[in-house]
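Worksheet: the structure to be examined is printed underneath.
Throughout, read-outs are computed from the coordinates displayed, never taken from laboratory work. Keep in mind that what you see is a predicted model, and the values were worked out from it rather than measured. Here Cβ is always computed from backbone atoms with ideal geometry, including for glycine, and neighbour counts include all displayed protein chains.
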Amino acid sequence: MTRPWSRRQFVASALTVVAAPALRVAAAGADEPMLLRCSLETPPSHTRNVVMRDYLGRVEQASGGRIRTQLFESGQLFPDLQVGKALLQGQIEMGMPGTFSLTGVIPDADFIQLPVLYGRPIDMLHAVIDGKSGKLLGDQIEARLNAHVLGPWLDLGFFNWYSTSKPLNSYDDLKGMKIRNNGGAGQAWRTQFMGAIPNTTPLPNVPLALSQGTFDGLITSHETVASGQFWESGIRHALEDHQFVGEYVPMVRLAFWQKLPAELQTLLAELWRANIATYRASMASAQARARETAQAHGITIVTPNAEELAAKREAMMKFQDNVAMLSRISPELVAAVANEAS
């Protein structure tokens, strides 16, 4: 298991990249700092928040006081579904929404839901999102949201099925259940493919909705279950199929980005790139710890074997063109994904 990063490791990895730019910008520290407000819907205990707090702290330190940051957590400003609009309207300067939260504006953001990527290992998925497929989506984000993609995406981790009262011992157990998802046609299609009924509810509203029986279960990750303590809302079972990997896209409002001097643009981008491998490893470790935490709180986890996953992916592949059409994913992006997933 990959060991979680420490603050000392962050310092060591970041200093080699930012030392020279920091010296250059420190002299201008007397200038009025530029405010960078970042909005996340996840709670402070979530590893995405931990990562962002670390990154923003490094930005303030390395910029020599020229950038002041504020992190708004738990959706206190905006849920992720509204972050794209908030960036576009200048209400925040930074966000890191999941691709599943962007599909209403940019349908191609749903490409992670294509059947060809179902149940795949993380290394192959990184080849797709860090390759041409991710670049094509980044270009659309800049064009449609007036937002600059800072660098490689941050893994949330694999998503699975979770339920309250009904045990999930096989795919058949999903039939007839009402399942909450993060949004996007791809998750809704997969839910229906399994014989269940899709529901979309913002994350901050999930605990109450679970407690009230608004839905029977949800699609999410072990880390989100643990950080939200969803066992207190009734979650008792999981079918761990790694149906897709959740990805957060770090983006900065384009107008803010363009106001930055070139050395500060370089600083922000290089700080992120210098640490993304460590950030991803930390997220993976957090998911592993969250899995153990979920089990410790009475959640039973059933994992389909490789043959079952491959058979389910093959069954879904027969409908890939339908999924792409339903999700309005462009033929260019479908082709790029198919090529990089081969």
Would you grab the residues whose amide H sits under 5 Å from the one on GLU247? Only those 5+ places off in sequence or on another chain, please, with H modelled 1.01 Å from N.
-> THR99, PHE100, LEU156
Rounded to the nearest Å, what's the spacing between the alpha carbon centres of segment 99-135 and segment 265-342? Just the number, please.
-> 7 Å
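Taking K and R as +1 and D and E as -1, what net charge do the other residues with C-beta under 10 Å from the C-beta of PRO167 add up to?
Working: positive: LYS166, ARG236; negative: ASP173.
For residues surrounding PRO167, the net value is +1.
So for segment 43-200, averaging the separation of alpha carbon pairs under 8 Å that are six or more residues apart and normalising by length, what relative contact order in percent results?
Details: 126 pairs, mean separation 26.4, N = 158.
Relative contact order, segment 43-200: 17 percent.
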Interchain or sequence-distant (5+) residues whose placed amide H lies within less than 5 Å of the amide H of ALA196 are GLY176
For every other residue with a beta carbon closer than 11 angstrom to the beta carbon of ILE141, add +1 if it is Lys or Arg and -1 if Asp or Glu, then tell me the sum.
-> -1
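Could you grab the Rg to Rh ratio for the chain? Cα atoms only, Kirkwood for Rh. Present the calculation step by step, with values, prior to reporting the outcome.
On the way: Rg = 20.0 Å, Rh = 20.6 Å.
We get a ratio of 0.97 for the chain.
Which of the trypsin sites (Lys or Arg not before Pro) found in segment 281-336 are in a DSSP loop and have at most 12 neighbouring Cβ atoms, other than their own, within 10 Å? Don't skip to the answer; put the middle values down first.
On the way: sites: ARG289, ARG291, LYS312, ARG313, LYS318, ARG328; in loops: LYS318, ARG328.
Passing sites in segment 281-336 are LYS318, ARG328.
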GLU240's amide H: which non-local residues (gap 5+, or another chain) put their own amide H closer than 5 Å, with H modeled 1.01 Å from N in plane and none for Pro or chain starts?
-> VAL302, THR303
